[in-house]
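The values are calculated or read from the model by the stated rules, or taken from the named source; none is laboratory data. Since we're looking at a predicted model, the values are computed, not measured. So basically every Cβ, Gly included, is an ideal-geometry build from the backbone, and we count neighbours across all protein chains shown.
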Amino acid sequence: MNTMIGSTQFHVPKTSTLEQAYNKHHKGTDKKLSKEEFQRIMQDIILHSGVTGLGIKDILLFIFGIPIVTTFVKQRAGATAIPNDIFIPAVTSASVFLLAKLNKI
């Protein structure tokens, strides 16, 4: 279905890829996996497995592009009624809502 509508697809990694990433980043077998180790493992897995589909362009545009552009326009216009701490998350949330309504995520 994702292929038909052009949505983003994450490839499922091989077991060997998961084991290699885990062994590479997790130091010590008796310790819990730290947040930083988990992030590095996930980065390796996503980079190695890859992302396909045209939907990734939509997601990157909506989640990163639109908030950056609207913040730039807000700064240039000199609008100070809404602080950036509220404005940026609101625009990002609106972008994600729009992606959901368009069935892109």
* Structure fact -> Pairing a residue in the stretch 64-91 that is among the hydroxyl-bearing types (Ser, Thr, Tyr) with any residue that is part of a helix (DSSP H, G or I), where Cβ atoms lie under 8 Å and the two sit 6 or more apart in sequence or on different chains, gives Thr70/Phe87; Thr70/Val91; Thr71/Asn84; Thr71/Phe87; Thr71/Ile88; Thr71/Val91
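Please verify whether Pro13 is surrounded by 12 or more Cβ atoms within 10 Å (Cβ to Cβ) and outside any helix (DSSP H, G or I), treating the condition exactly as stated.
Yes, satisfied.
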* To do: Restricting attention to the stretch 4-41, report how many residues are under 30 Å from Lys101 (Cα atoms) and modelled with pLDDT under 85.
  => 10
* Asked: Mind checking whether some residue in the stretch 71-94 is charged (D, E, K, R), at pLDDT below 85 and surrounded by fewer than 11 Cβ atoms within 10 Å (Cβ to Cβ)?
  -> yes
